[in-house]
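Okay, so here's the structure we're looking at.
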Amino acid sequence: MSAVTRRPKLIATDLDGTIVAHYGKISERTKAAFNAAHNLGVEIFYVTGRPPRWMPEIAKVFPFGHGICANGALLYDIHNERVLEEWAMSVDSQIETVNRLRRSIPEISFAVEWHNYFLREKKYVPRWDVGQDNVGVDDITEIIDSSAIKMMARCSNQELSSDQMLRIAQIELEGVATVTHSNPHDSLLEINAHGISKGETLSKIAARYGISADETVAFGDNPNDFSMLAWASRSWAMADGHPDAVKYAKFVAEPHEEDGVAKEIEKLLELPE
């Protein structure tokens with residue numbers, strides 16, 4: 001029997017829009033499915049664009065599992081709130097990213113993410129939490145003096161969509177940084193060190209556990225999940241996610257607010273070891 005007809009050894013899931021609803025809750029059915037998988041010895045990885053400071057709520061819901069945060073930039077112990085390993089952007093890469101994107105998208109503004117805070121330009125309007133000083137600077141390069149786990153770039157006037165920004169940025173940042181997004185409606189890019197992505201980090205960490213792509217299942221909804229969906233031999237795009245996700249995933253799960261991931265996990269756990 002091949003690995004892809006057996007119960008998976010590792011479940012990798014995105015959070016927001018995949019198992020976390022837009023109002024921030026995780027359903028009881030989803031909790032039960034992940035608990036059942038954990039009780040059967042399946043490794044659980046929460047693979048997210050979130051920074052560490054947004055993970056305590058996940059740790060409260062799930063007293064097990066591992067974190068890959070900031071789109072692959074961090075291996076994170078969510079229960080002891082400890083960074084285990086990181087793949088950060090250098091100062092030079094951050095400045096080069098800013099310079100290249102300013103030339104191609106003049107209205108763009110930036111923020112820089114670190115473990116427990118982010119720093120932003122005044123033009124960058126935060127949607128979730130505010131900058132460390134809640135004021136911002138005129139030019140982000142004034143305060144780029146150390147490595148970063150992630151940069152964010154926004155068109156606050158929403159002149160361009162996230163998809164439009166991404167098409168431009170992928171050309172401009174080729175060989176400099178990895179660029180993606182997690183929300184097609186928000187005019188926001190997420191930028192990591194060159195070569196760093198959810199799929200790259202997940203494959204690296206899975207190998208340390210002796211787990212292959214054939215023994216892994218993955219769930220996701222947006223472009224920052226595509227590398228992970230492409231790597232895992234069994235992967236599901238959310239039916240209510242980005243329309244391009246189906247190009248990378250092997251299957252489609254029901255919408256996240258209809259417990260799409262939980263329904264697939266329940267079926268996977270019925271397979272033989």
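The values are calculated or read from the model by the stated rules, or taken from the named source; none is laboratory data. Remember, it's a predicted structure, so these values are computed and weren't measured experimentally. For neighbour counting, all protein chains shown are included, and Cβ atoms are generated from backbone atoms with ideal geometry for every residue, glycine included.
General remarks:
- Every residue from region 44-70 that is closer than 25 Å to Val112 by Cβ and of a type in the set (Phe, Trp, Tyr): Tyr46, Trp54
- Residue check for Ser156: polar (S, T, N, Q) and within 21 Å of Asp240 (Cβ to Cβ): no
- Restricting attention to region 162-187, the residues that are more than 16 Å from Thr48 (Cα to Cα) and modelled with pLDDT of 95 or more total 16.
- Residues being among the aromatic types (Phe, Trp, Tyr), at pLDDT 95 or above and under 23 Å from Gly199 (Cα atoms) - total across region 70-126: 2
- Being outside any strand (DSSP E or B), over 20 Å from the mean Cα position of the chain (by Cα) and not hydrophobic (A, V, I, L, M, F, W, C) is a description that applies to Asn134.
- Residue check, Asp225 of a type in the set (D, E, K, R) and under 30 Å from Cys155 (Cβ atoms): yes
- In region 40-52 there is at least one residue that is of a type in the set (Asp, Glu) and within 22 Å of Asp259 (Cα to Cα).
- Strands (runs of 3 or more DSSP E) completely within region 1-92 that count 3 or more residues being buried (at least 19 other Cβ atoms within 10 Å of the Cβ): 10-13, 43-47, 66-69, 74-77
- Residue match in region 97-111 (condition: charged (D, E, K, R), in a loop (DSSP other than H, G, I, E, B), touching a residue at least 12 places away in the same chain (Cβ under 8 Å) and in the same structural domain as Met165 (by TED's automatic domain parsing)): yes
- A single entry from Ala239, Ala207 fulfils the requirement of being of a type in the set (Gly, Ala, Ser) and under 30 Å from Ala88 (Cβ atoms): Ala207.
- Hits in region 15-74 - residues which are within 19 Å of Asn222 (Cβ to Cβ) and of a type in the set (Gly, Ala, Ser): Gly17, Ala21, Gly24, Gly49, Gly67, Ala70, Gly72, Ala73
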